[in-house]
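Novice: My questions all concern the structure below.
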């Protein structure tokens, strides 16, 4: 019997879901509060740990959402084909690459 | 003996049949907002890489009435994500035994939600301590 | 059954039951009867009253009347239940809506075609393959209470299929092994006396194994024996995922 490769996507889904469950409300609150500006975010993004955090949030949130949305299509009876795959996982890949390059470009 | 002729019922609208399924669909739907919010964050990182002016334009967009409304909806949706995530989490784990007793799923959920509350406080506090 | 004394009025309740006659091939339809009932009457007893007194053609499965044989699973008020342990009084003022178990083809009235479940049953190696086989003369395979605890809950499954009626992923995709059989599979894997885990895990690791599950969790809600099939499936997801990556580690097959 063919072994499924779902674990790869599911692990990313799980990591993103756990991260979102823990930090998403906090991140939203901080950005709504408005006390944070360019100086603070730039400082965070030039810090190695800060970079890791920002990258994890941006990328893993997308991998989590992509997996859940893709499988929810099946729940709605929609046949998830290549277009759906691109809109879900494709965007997650793109977002991961854009975040990585942006954080790299920001430097230290 | 009469011939067999089984009847198969359709699955259309299955999730509307029971409140349990509606809650499940709501849980899955939280992903739409995680997706959109993450795209906004990626746009923000991109803007940050393009410099102060670009980033402040992104911040201004967040602070627009539509931006605030979107973030408030996200806040509510993410709170539901946190809750529903820790409700289902115990199902993915083998039994957790503490002091010879099996920890109930409800306790594990509570622990998860408590961790999320703590993480929220830490994030808000750290943001308050500006460099 | 109805109280005969003049001092008390007989209480009645309406039962709406799905009928289907394969000979006609017409779509299923609801038929309604109003029956006398007492507080201690189960839905099964209600059906039996109908069959005994009002319509002998009403067809349904039942046996033990005490929630252990797993025969009388049906949708009651839209929720999978065992009819023998579901009480008419809980649906007052009525009507009580009774339909065949969801996600299974209907044979006749409340009887469903359970072939898929039993065919899949054979695929999970549902017996102990001894780790250290020994003859009967050498005595039993011993097990500590802690070892029993590892699998006992999953051994309580009575094959009633309520979890399959609850599971929308099974409803949407009949290839899915499903909750109950994964729980039974896990029962054997988790048994210290067993040695057939590797072959069972092949099924677990496949798309039709645990990876068709989206953690809806309704299966565990409806299980009459608190087997918690959602746990059996989802902890095997965790295990399957760990295994997917760990197999590349040196020293692993």
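The values are calculated or read from the model by the stated rules, or taken from the named source; none is laboratory data. Predicted model only: the values in this text are computed from it and were never measured. Here Cβ is always computed from backbone atoms with ideal geometry, including for glycine, and neighbour counts include all displayed protein chains.
Novice: Test each condition in (1) buried (at least 21 other Cβ atoms within 10 Å of the Cβ); (2) more than 16 Å from residue A:11 (Cα to Cα); (3) within 14 Å of chain A (Cβ to nearest Cβ) for residue C:208 and report the one that comes out false.
Specialist: Answer for residue C:208: the failing condition is (1).
Novice: Which condition number in (1) modelled with pLDDT under 95; (2) facing chain B (nearest Cβ under 7 Å) is the one that residue A:74 fails?
Specialist: (2)
Novice: Please work out which residue is nearest to residue B:83 (Cα to Cα), limiting yourself to the range B:98-122 and to residues that are within 10 Å of chain A (Cβ to nearest Cβ) and within 17 Å of the chain's Cα centre (by Cα).
Specialist: Here the residue is B:113.
Novice: Kindly establish whether residue C:249 is facing chain A (nearest Cβ under 9 Å) and either farther than 13 Å from residue C:178 by Cα or touching a helix residue (DSSP H, G or I) at 6+ places or on another chain (Cβ under 8 Å) (or both).
Specialist: So residue C:249 fails the test.
Novice: Which one of these is in contact (Cβ under 8 Å) with a residue 24 or more places away in the chain and either more than 24 Å from the chain's Cα centre (by Cα) or surrounded by fewer than 19 Cβ atoms within 10 Å (Cβ to Cβ) (or both): C:94, C:46, C:73, C:78?
Specialist: Selected residue: C:94, the only one of C:94, C:46, C:73, C:78 that is in contact (Cβ under 8 Å) with a residue 24 or more places away in the chain and either more than 24 Å from the chain's Cα centre (by Cα) or surrounded by fewer than 19 Cβ atoms within 10 Å (Cβ to Cβ) (or both).
Novice: Would the range C:165-172 turn up any residue that is buried (at least 18 other Cβ atoms within 10 Å of the Cβ), out of contact with any helix residue (DSSP H, G or I) (no Cβ under 7 Å at 6 or more places or on another chain) and in a loop (DSSP other than H, G, I, E, B)?
Specialist: No, every residue in the range C:165-172 fails to be buried (at least 18 other Cβ atoms within 10 Å of the Cβ), out of contact with any helix residue (DSSP H, G or I) (no Cβ under 7 Å at 6 or more places or on another chain) and in a loop (DSSP other than H, G, I, E, B).
Novice: Quick check on the range A:42-53: of everything there that is more than 28 Å from residue B:27 (Cα to Cα) and assigned to a helix (DSSP H, G or I), which residue is farthest from the other protein chains (Cβ to nearest Cβ)?
Specialist: Among those that are more than 28 Å from residue B:27 (Cα to Cα) and assigned to a helix (DSSP H, G or I), it is A:48.
Novice: Would you mind telling me which numbered condition in (1) modelled with pLDDT of 95 or more; (2) more than 13 Å from the chain's Cα centre (by Cα); (3) more than 9 Å from every other protein chain (Cβ to nearest Cβ); (4) surrounded by fewer than 17 Cβ atoms within 10 Å (Cβ to Cβ) residue A:56 fails?
Specialist: It is condition (2) that residue A:56 fails.
Novice: For the range B:34-44, indicate whether the set of residues that are within 7 Å of another protein chain (Cβ to nearest Cβ), surrounded by fewer than 18 Cβ atoms within 10 Å (Cβ to Cβ) and not in a loop (DSSP other than H, G, I, E, B) is non-empty.
Specialist: Within the range B:34-44 (the criterion being within 7 Å of another protein chain (Cβ to nearest Cβ), surrounded by fewer than 18 Cβ atoms within 10 Å (Cβ to Cβ) and not in a loop (DSSP other than H, G, I, E, B)), the answer is no, since none of the residues qualifies.
Novice: Could you tell me whether the range B:84-94 includes any residue that is away from chain A (no Cβ under 11 Å) and surrounded by 17 or more Cβ atoms within 10 Å (Cβ to Cβ)?
Specialist: Checked against the condition, which is being away from chain A (no Cβ under 11 Å) and surrounded by 17 or more Cβ atoms within 10 Å (Cβ to Cβ), the range B:84-94 yields at least one hit.
Novice: Would you check which residues across the range C:182-191 are over 14 Å from residue C:120 (Cβ atoms) and either without any contact (Cβ under 8 Å) to a residue 60 or more places away in the chain or not assigned by TED's automatic domain parsing to the domain that holds residue C:141 (or both) and list them?
Specialist: Scanning the range C:182-191 gives C:186, C:187, C:189, C:190.
Yes/no matrix, rows are residues, columns are (1) surrounded by fewer than 22 Cβ atoms within 10 Å (Cβ to Cβ); (2) part of a loop (DSSP other than H, G, I, E, B):
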| residue | (1), (2) |
| --- | --- |
| A:3 | yes, yes |
| A:8 | yes, no |
| A:21 | no, no |
| A:26 | no, no |
| A:40 | yes, no |
| A:60 | no, no |
| A:68 | no, no |
| A:87 | yes, no |
| A:105 | yes, no |
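Novice: Looking only at the range C:216-242, which residues are surrounded by fewer than 18 Cβ atoms within 10 Å (Cβ to Cβ) and within 16 Å of residue B:93 (Cβ to Cβ)?
Specialist: C:242
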